[in-house]
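J.: Quick one: the structure is below, and I'll ask about it shortly.
The values are calculated or read from the model by the stated rules, or taken from the named source; none is laboratory data. Being a predicted model, the structure only gives us computed values, none of them experimental. No Cβ is skipped: glycine too gets one built from the backbone with ideal geometry, and neighbour counts run over all protein chains shown. We work out accessible area using only protein heavy atoms, side chains counted, and drop any ligands, DNA or RNA first. Shrake-Rupley method; radii C 1.70, N 1.55, O 1.52, S 1.80 Å.
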Amino acid sequence: MAARHLRTRKFSSPAAIAATAAVGVALAVGGTVGAVRLTSAEPPAEPAVVETLPSTPAPTSAAPSPSVSASPSASLSPSPKATPSPKASRTQAASRSKARTASPSPTAKKTSSPKVVDSGSCGASFYAEGQMTANGETFNPDALTAAHKTLPFNTKVRVTNPANGKSVVVRINDRGPFIDGRCLDLSRAAFATIAATSLGHVNVRYEVLG
C-alpha cells in the first residue's frame, strides 16, 4: 500500500507531469520530423504525368471557328474557277493568238478598159497655130487633142508610135489633115509625147476607142 501510494504521488507531482509532457512532446516532434525526413527521402512523385497528358478535346474545339464559317468575305468571294473573268481572258487570249487580217479598205471602182472599135495605120503630123477648132473650141496646142477627117467629135483615139512603143490618147475636136497619106493631125503636146517635134510627121498605129 505504501509503494502504491508513493507511485501515485510521484506521478501526481507537477514536475513529473511536466517531464511526462516533455517526453510526449519530444516523441511527437521526433515522430513528425522522422516522417518528414522519410517523406523527403522518397523519390518525388510524377505529378506531371496526369497533369501534362492531353485532355480529351472538347467537341466545340473541333468545330470551325465562327469567324471563319460565318465570315461574309469567305462565303461571298467567288473562287477563281467560278469567276467568268478567267474564261473571258482565255477567250480574249485565244482570239488574240489568231492571225489577223487587215480590214478591207475601200477601193476605187474598177473601170473596164475601153473597147477598140476600129484600128489602122497612117501618117500623123502636128500643128501649133492658135485658131478655132471645127467644133467651136479655141485650139490649145498644149492639150491632148487631134484632128480627123470623119471621126465624130470627142471620140477618143489611142495613137502609138511603133518605132519606140510610146502612145497617147487624144480627143478629136477638129478636122484634117488635108494631106494625102496622113489621117491624124495631132496637137503639138500630143505629138511630142510619142516623137520629137523636129521630125514633123511619123507613121503611127491608131485605135478608135468606144
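J.: With respect to residue 121, is the statement that it is open to solvent by 80 Å² or more (accessible area, probe 1.4 Å), among the small types (Gly, Ala, Ser) and free of Cβ contacts under 8 Å to residues at least 12 places away in the same chain true? Before you say what the answer is, go through the steps one by one.
T.: Details: open to solvent by 80 Å² or more (accessible area, probe 1.4 Å): yes; among the small types (Gly, Ala, Ser): yes; free of Cβ contacts under 8 Å to residues at least 12 places away in the same chain: no.
When the stated conditions are applied, residue 121 does not pass them.
J.: Would you please name the residue that is surrounded by the most Cβ atoms within 10 Å (Cβ to Cβ), looking only at residues in region 189-210 that are within 19 Å of residue 141 (Cβ to Cβ) and of a type in the set (S, T, N, Q)? Write out each step before concluding.
T.: Within region 189-210, the subset within 19 Å of residue 141 (Cβ to Cβ) is 189-202, 204.
Within this subset, residues satisfying the condition of being of a type in the set (S, T, N, Q) are 193, 197-198.
Details: 193: 17, 197: 11, 198: 5.
Across region 189-210, the extreme among qualifying residues is 193.
J.: Restricting to region 162-188, name every residue that is free of Cβ contacts under 8 Å to residues at least 60 places away in the same chain and open to solvent by less than 30 Å² (accessible area, probe 1.4 Å).
T.: Applying the first criterion (free of Cβ contacts under 8 Å to residues at least 60 places away in the same chain) to region 162-188 yields 162-181.
Passing the criteria: 168, 170, 172, 173, 174, 176, 177.
J.: Consider residue 170 carefully, then state whether it is in a strand (DSSP E or B) and touching a helix residue (DSSP H, G or I) at 6+ places or on another chain (Cβ under 7 Å).
T.: On the way: in a strand (DSSP E or B): yes; touching a helix residue (DSSP H, G or I) at 6+ places or on another chain (Cβ under 7 Å): yes.
When the stated conditions are applied, residue 170 passes them.
J.: So, one more: Look at residue 147 and say whether it is within 16 Å of residue 204 (Cα to Cα), open to solvent by 90 Å² or more (accessible area, probe 1.4 Å) and modelled with pLDDT of 95 or more. Let's see the steps before the verdict.
T.: On the way: within 16 Å of residue 204 (Cα to Cα): yes; open to solvent by 90 Å² or more (accessible area, probe 1.4 Å): no; modelled with pLDDT of 95 or more: yes.
In short, no.
J.: Could you tell me whether region 183-198 includes any residue that is among the basic types (Lys, Arg) and modelled with pLDDT under 95? Lay out the reasoning, then the answer.
T.: So the first thing to find is which residues in region 183-198 are among the basic types (Lys, Arg), and the list is 188.
This time we only want the ones that are modelled with pLDDT under 95, so: none.
Scanning region 183-198, I find no residue that is among the basic types (Lys, Arg) and modelled with pLDDT under 95, so the answer is no.
J.: Same structure again: Out of 180, 142, 185, which single residue is assigned to a strand (DSSP E or B) and among the acidic types (Asp, Glu)? Spell out how you get there, then give the answer.
T.: On the way: 180 fails: assigned to a strand (DSSP E or B); 142 fails: assigned to a strand (DSSP E or B).
Exactly one of 180, 142, 185 is assigned to a strand (DSSP E or B) and among the acidic types (Asp, Glu), namely 185.
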